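Report on the following structure.
The values are calculated or read from the model by the stated rules, or taken from the named source; none is laboratory data. Because the structure is predicted, anything quoted here is derived from the model rather than measured. In this analysis, Cβ positions are derived from the backbone assuming ideal geometry, glycine residues included, and neighbour counts consider all displayed protein chains.
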Amino acid sequence: MPEPRSETPEARLRRLQMRAARRGTKEMDLVLGPFARDRLAAMDDAGLMLFDRLLEENDNDLWLWVTRPEIVPPEYAALMDDIRAHAGLSVPVSGN
């Protein structure tokens, strides 16, 4: 999702945190919500843009990527490693 020009950094963080915590499935609420709350404020602009794109993905795909890290698309591998580690599922797939 393109960032609106008038969106402040604080509003951007709130928007991403809200979208992460209120997904279509409870499982993804519980994985992405705490990650967003704890980690987004420390991310750079590129990381936030990648997380924003990740939130556009289907929850069923996201859950598969959490439970089957070997099928994570390469562009999301490092981010999904961080998300999985934050959730206590720290099997890295990106080589980082």
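Numbers at a glance
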{"quantity": "Residue list for segment 23-41, restricted to those being assigned to a helix (DSSP H, G or I) and β-branched (Val, Ile, Thr)", "calculated": "VAL31"}
{"quantity": "Which numbered condition ASP29 misses (of (1) surrounded by 12 or more Cβ atoms within 10 Å (Cβ to Cβ); (2) modelled with pLDDT under 95; (3) charged (D, E, K, R))", "calculated": "(2)"}
{"quantity": "Residues within segment 8-22 that are under 11 Å from the mean Cα position of the chain (by Cα) and not polar (S, T, N, Q), tallied", "calculated": "4"}
{"quantity": "Verdict on GLY47 being of a type outside the set (Phe, Trp, Tyr) and under 11 Å from ASP82 (Cβ atoms)", "calculated": "yes"}
{"quantity": "Filtered residues of segment 54-71 (kept if assigned to a loop (DSSP other than H, G, I, E, B) and under 20 Å from ARG39 (Cα atoms))", "calculated": "GLU56, GLU57"}
{"quantity": "The listed residue being more than 24 Å from ALA11 (Cβ to Cβ), out of contact with any Pro (no Cβ under 9 Å at 6 or more places or on another chain) and either buried (at least 18 other Cβ atoms within 10 Å of the Cβ) or basic (Lys, Arg) (or both), out of ARG68, ARG84", "calculated": "ARG68"}
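A quick yes/no check of all residues on (1) more than 22 Å from ALA85 (Cβ to Cβ); (2) touching a strand residue (DSSP E or B) at 6+ places or on another chain (Cβ under 6 Å); (3) not charged (D, E, K, R):
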residue	(1), (2), (3)
GLU7	yes, no, no
GLU10	yes, no, no
ALA20	no, no, yes
GLY24	yes, no, yes
VAL31	no, no, yes
PHE35	no, no, yes
LEU55	no, no, yes
